[in-house]
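Below: the structure, in structure tokens.
Derivation of every value follows stated rules applied to the coordinates shown; laboratory data play no part. Predicted model only: the values in this text are computed from it and were never measured. Virtual Cβ from ideal backbone geometry, glycine too; neighbours counted across all protein chains shown.
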Amino acid sequence: MIKIALLGCGRIGQMHAANVIAHPGASLAMVFDSHTPSAQAIGNACSVPVATSADDVFASKEVDAVLIASATETHADYIEQAVAAEKPALCEKPIDLSLERVNKCAAAVSSSSVPVQLGFNRRFDPGHRAAREAMLAGEIGQLHQVIITSRDPELPPRSYLETAGGLLRDMTIHDFDLARFMLDDEPTEVFAVAGALIDPVLGAELNEVDTAMIILRTADGKQCHINNSRTAVYGYDQRIELLGTTGMLQSDNRKPHEVKRYTSNTTETSAPYQYFFIERYQEAFMAEISAFVDCIENGKTPEVGFEDGRRALILAEAAYLSIAENRLVSVAELMA
Ligand SMILES: NC(=O)c1ccc[n+]([C@@H]2O[C@H](COP(=O)([O-])OP(=O)(O)OC[C@H]3O[C@@H](n4cnc5c(N)ncnc54)[C@H](O)[C@@H]3O)[C@@H](O)[C@H]2O)c1
């Protein structure tokens, strides 16, 4: 059993706590949150100790590894502390909102053999994964295009948007990672358009966008199109399409069940999509814990690691530059 400590007991921390407890190869050693009532809520509900500080977590012999699910601004510090304490870390996305800070953190990670896994859970979705494996097995011939549709069900509260770091660093970061995963290659060029179409007033006040389209191209010409919206009224829309020379693969949305209703005034009506990421990617979140446990038990390098987090942020910065200057941006411009 790998004894995992949870840092950050908010929305996603609560889900991770339940997944760690449910996992046959892991146990929840302790929890910590700078907002003590949040940690106590999980501690009481799950009968696990509540640490009094993060330092205590990293110093504890009862902790084999840490799961960092705290606010984004804490991730880089906690990754560095985990590496120094030789405790493998599974860290939520993004590593940080500043590429400079991520690059500084990279120095600590790369000089150590302590595994650092990034929380790009969508790579572990059974549908997305099966589509990629079929593509890599040659089922659609030579890959030409990847289309990623990624739309949230509703605009988050203003308080969330004020600190999230912007649509492309907070939300599209998952899609930049999926683009690299599905292309099985590095995008070298980025073009993006974005706007505050859902709430223009809020967008202007926060200098934030809520709707975006991004085009990526690899050195050998493969194309990827990402489209994002913070509000799709019909629900959380998560689809991937891979087009190749001999066919096409789709990884589709998930519904709670497959019942279709047929009446005198409607046909093929079905239940709404699973509400949001916790429901839609439930299996993926559990599978990322399995991958983390497997790394620790068997000395494997994480399948999705720190460099993947850094690369995704570089693509986000390239897209922001493209929006600001209304031009195609070479990723090399951001790699200095
Ligand atoms: N993989 C995904 O799909 C996904 C989904 C949602 C959120 N996230 C990421 O997970 C992280 C947390 O998001 P959330 O939605 O749970 O936010 P949240 O605000 O609900 O929870 C964050 C928690 O971190 C705590 N915290 C703040 N500073 C801390 C510190 N120094 N030490 C310990 N705890 C601290 C806060 O008190 C809060 O309880 C963010 O980085 C976010 O980007 C990932």
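Approximating the spin labels as points 7 Å out from Cα along Cα→Cβ, the Thr263-to-Glu139 distance works out to 3.7 nm.
Converting phi to 3J(HN,Hα) with the Karplus coefficients 6.51, -1.76 and 1.60 and the offset θ = phi - 60°, the stretch 147-164 yields 10, 10, 9, 9, 10, 7, x, 7, 4, x, x, 3, 4, 5, 5, 5, 10, 5 Hz in sequence order, with x at every glycine or proline. Centre-to-centre separation between the Cα atoms of the stretch 145-224 and those of the stretch 293-336: 13 Å. Once both labels are positioned 7 Å from their Cα atoms along Cα-to-Cβ, the gap between Ser290 and Thr246 label points is 2.9 nm.
Compared with the dominant Cα axis of the chain, that is its longest principal axis, helix 11-22 is turned about 70°. Sorting Lys300, Lys255 by the number of Cβ atoms found within 10 Å of their own Cβ, with the fewest placed first, yields Lys300, Lys255. The mean sequence separation of alpha-carbon pairs under 8 Å and at least six residues apart, normalised by the residue count of the chain, gives a relative contact order of 19 percent. Here the 3J(HN,Hα) profile of the stretch 312-320, calculated from phi with Karplus coefficients 6.51, -1.76 and 1.60 at θ = phi - 60°, is 5, 5, 4, 5, 5, 5, 5, 5, 4 Hz, Gly and Pro shown as x. Each of the peptides 147-160, 94-107 was scored by the mean count of other Cβ atoms within 10 Å over its residues; in descending order, highest first, they stand as 94-107, 147-160. For a paramagnetic label modelled on Ala85 (point 7 Å from Cα along Cα→Cβ), amide N atoms under 15 Å away belong, within the stretch 46-68, to 49-68. The residues Arg311, Arg180, when put in order of fewest to most other Cβ atoms within 10 Å, stand as Arg311, Arg180.
Each Lys and Arg adds +1 at its Cβ and each Asp and Glu adds -1 at its Cβ; summed about the Cα centre, the stretch 2-114 shows a dipole of about 240 debye. The stretch 114-137 and the stretch 31-106 have Cα centres lying 24 Å from one another.
Net charge in the neighbourhood of Lys255 (other residues with Cβ under 14 Å of its Cβ; Lys, Arg +1, Asp, Glu -1) is 0.
Strictly over 27 Å apart at the Cα level, which of Lys104/Lys300; Lys104/Lys222; Lys222/Lys260; Lys3/Lys255; Lys87/Lys255 would you flag in this model? Pairs exceeding 27 Å: Lys104/Lys222; Lys222/Lys260; Lys3/Lys255; Lys87/Lys255.
About its Cα centre, the chain has a charge dipole of approximately 560 debye under the convention of +1 per Lys or Arg Cβ and -1 per Asp or Glu Cβ, with nothing else charged.
Between the Cα long axis of helix 75-84 and the first principal axis of the chain there is an angle of about 50°, rounded to the nearest 10.
In a simple Cβ point-charge model (Lys, Arg +1; Asp, Glu -1; nothing else charged), the stretch 271-328 has a dipole of about 240 debye relative to its Cα centre.
Note on the chain: helix-only mean residue ellipticity at 222 nm, from DSSP H runs of 4+ residues weighted -39500 (n - 2.57) and normalised by residue number, equals -11500 deg cm²/dmol.
Counted by neighbouring Cβ atoms within 10 Å, the residues Phe276, Phe306 run from fewest to most as Phe276, Phe306.
For the stretch 289-336, the residue among Ala318, Ala291, Gly305 whose Cα projects farthest onto the positive side of the dipole built from Cβ charges is Ala318.
Angle check, please: helix 126-136 long axis (alpha carbons) against the longest principal axis of the chain (alpha carbons), in degrees 0 to 90, nearest 10. The angle comes out near 60 degrees. Of all DSSP-defined beta bridges confined to the chain, some 60% are antiparallel rather than parallel.
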